[in-house]
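Before we start, here is the structure in question, set down as C-alpha cells.
Values quoted throughout were computed directly from the atomic coordinates according to the rules given, and no laboratory measurement underlies them. Values in this document were obtained by computation on a predicted structure and should not be read as measured data. In this analysis, Cβ positions are derived from the backbone assuming ideal geometry, glycine residues included, and neighbour counts consider all displayed protein chains.
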Amino acid sequence: MAHSKEIQSLLESMATQLRERMPADPLLVGIHSGGAWIAAELHSRMGFTEPLGSLDITFYRDDFTRVGVHPQVRASDLPVDVDGRNVILVDDVLQTGRTIRAALNEIFDYGRPRSITLAVLVDRDARELPIQPDVVGRKLELAEHQHVKLAGPDDMQLNILEDGT
C-alpha cells in the first residue's frame, strides 16, 4: 500500500501539522512498536531537545484476558515527569481507540499532563471509543475484514491485510 518514500511524505505532513499546533515544551511519546518508530522519526525531523518517551500498553489493554500476554512485553520509558507537561502521543494506526485509551491510562499513572495531543500515521474507520486524532498522516476506509499493519522500523511500509493473514 504505502512504501518508505510515501511514508516519509506522510511523516513530513505530520511534522508540519505538529509545528502548526505544537504546545509549548512538548514531550513526545510513542506507543510500542509502530508508534515508537513514528515518534522517533518525528523526534528527529522536528529537532526535539527532550528525550523521546515510549509506552508499552500491554498490561493496560481491556482485552488482556481474551488475547493473553503479548510475547514481547517491553518496559515503558517516560524520561521526564509528565505532571503539567504537554504530551504528544504518537501511534501508527488508530482504529478502535482501545490502544489509545490504554496509553492514556498508563500516562495518567505517571502523572497529570497539562495536555495530550494525539498524532497518528493512519486514521482508519471502525472506532469503538470516542477518541479522535489531532494530527493525521492519512485517513483510510477499509472493509471490516481488513486491517492496516506498519512494518519496520527500517524501510517502513504500510500493508493492508485480510483477516487471517
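Calculated from DSSP H runs of 4 or more alone, at -39500 (n - 2.57) each and per residue, what is the 222 nm mean residue ellipticity of the chain, nearest 500?
When only DSSP H runs of four or more count, the value is -9000 deg cm²/dmol.
Still on this structure: Which loop-located GluC sites (Glu not before Pro) does segment 94-165 contain, where loop means any DSSP state but H, G, I, E or B and the Cβ has at most 10 other Cβ atoms within 10 Å?
Details: sites: GLU106, GLU128, GLU141, GLU144, GLU162; in loops: GLU128, GLU141, GLU144.
Of the GluC sites (Glu not before Pro), the ones in loops of segment 94-165 whose Cβ has at most 10 other Cβ atoms within 10 Å are GLU128, GLU141, GLU144.
From Cα pairs below 8 angstrom and at least 6 apart in sequence, can you work out the relative contact order of segment 16-165, rounded to a whole percent?
The normalised contact order for segment 16-165 reaches 22 percent.
Also: Counting only DSSP beta bridges with both residues in the chain, what percent are antiparallel, rounded to the nearest 5?
Of those bridges, close to 30 percent are antiparallel.
Here's something else I'd like to know. Calculate the spin-label point distance for ALA75 paired with ARG61, positioning each point 7 Å from the Cα along the beta-carbon direction, and give it in nanometres.
Taking the simple label geometry, ARG61 and ALA75 are separated by 2.2 nm.
Which trypsin sites (Lys or Arg not before Pro) does segment 95-150 hold that lie in a coil by DSSP with at most 14 other beta carbons within 10 Å?
The qualifying sites are ARG114, ARG127.
By how many nm would the segment from ARG21 to LEU129 lengthen if fully extended, with 0.36 nm per residue of separation less the alpha-carbon distance?
Taking ARG21 through LEU129 to full extension adds about 36.5 nm, to one decimal.
Of TYR60, ASN105, GLN146, which is farthest towards the positive pole of the chain's charge dipole, taken about the Cα centre with +1 and -1 on the beta-carbons of Lys, Arg and Asp, Glu respectively?
My answer, from the dipole projection, is ASN105.
Report the Cα centroid-to-centroid distance between segment 104-118 and segment 130-161 in angstrom, as an integer.
About 23 Å separates the Cα centre of segment 104-118 from the one of segment 130-161.
Let me know the charge dipole size of the chain about its Cα centre in debye, to the nearest 20, where only the beta-carbon of Lys, Arg (+1) and Asp, Glu (-1) is charged.
Dipole magnitude for the chain comes out near 220 debye.
When the dipole is taken about the Cα centre of segment 1-44, and only Lys, Arg (+1) and Asp, Glu (-1) are charged at their Cβ, what size is it in debye, to the nearest 20?
20
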